[in-house]
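The values are calculated or read from the model by the stated rules, or taken from the named source; none is laboratory data. If you're wondering where the values come from, they're calculated on a predicted model, not measured in any experiment. Don't worry about glycine lacking a Cβ; one is built from the backbone with ideal geometry, like all the others, and counts go over all protein chains shown.
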Amino acid sequence: MPSELTPGQYHAQDGEGGYAYGYVGQDAAKQEVRAPDGTVRGSYFFVDSAAKVQEVHYYADGAGTQIEASNIPQDPPDVRERKEQHLRVMEAIRQRKAGRASR
């Protein structure tokens with residue numbers, strides 16, 4: 001995290017259910033915004049025990065929550081391809097079963 005950040009915090013909200021808040025500390029920072037429709041978007045940063053800056057971004061709405069983070073292990077390309085292949089096969093099976101059920 002850049003050393004030129006000044007520690008502080010903020011909070012604001014409207015009368016329609018929306019809000020925004022955030023803070024900056026010595027080894028961490030966070031910001032989050034909620035829209036009146038309930039959608040929440042935010043991110044935070046922190047320095048882990050290995051002195052590495054970790055970054056997390058999240059988004060949540062009626063369909064669920066999505067997270068991207070620097071400390072979540074990523075599949076190697078070959079594993080990613082096999083997972084995608086598996087999903088394609090499962091979808092083909094689902095469609096085949098749906099075709100039989102409609103007869």
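Which condition does Ala98 not pass, out of (1) out of contact with any Gly (no Cβ under 7 Å at 6 or more places or on another chain); (2) assigned by TED's automatic domain parsing to the domain that holds Gly8; (3) not polar (S, T, N, Q), if it passes all the others?
Unmet for Ala98, out of (1) out of contact with any Gly (no Cβ under 7 Å at 6 or more places or on another chain); (2) assigned by TED's automatic domain parsing to the domain that holds Gly8; (3) not polar (S, T, N, Q): (2).
Condition first: in contact with a His (Cβ under 7 Å, 6 or more places away or on another chain), surrounded by 11 or more Cβ atoms within 10 Å (Cβ to Cβ) and at pLDDT 95 or above. Can you find one or more residues in region 24-34 that meet it? Walk me through it before giving the result.
Here is the first cut: in region 24-34, the ones in contact with a His (Cβ under 7 Å, 6 or more places away or on another chain) are none.
No, because not a single residue in region 24-34 is in contact with a His (Cβ under 7 Å, 6 or more places away or on another chain), surrounded by 11 or more Cβ atoms within 10 Å (Cβ to Cβ) and at pLDDT 95 or above.
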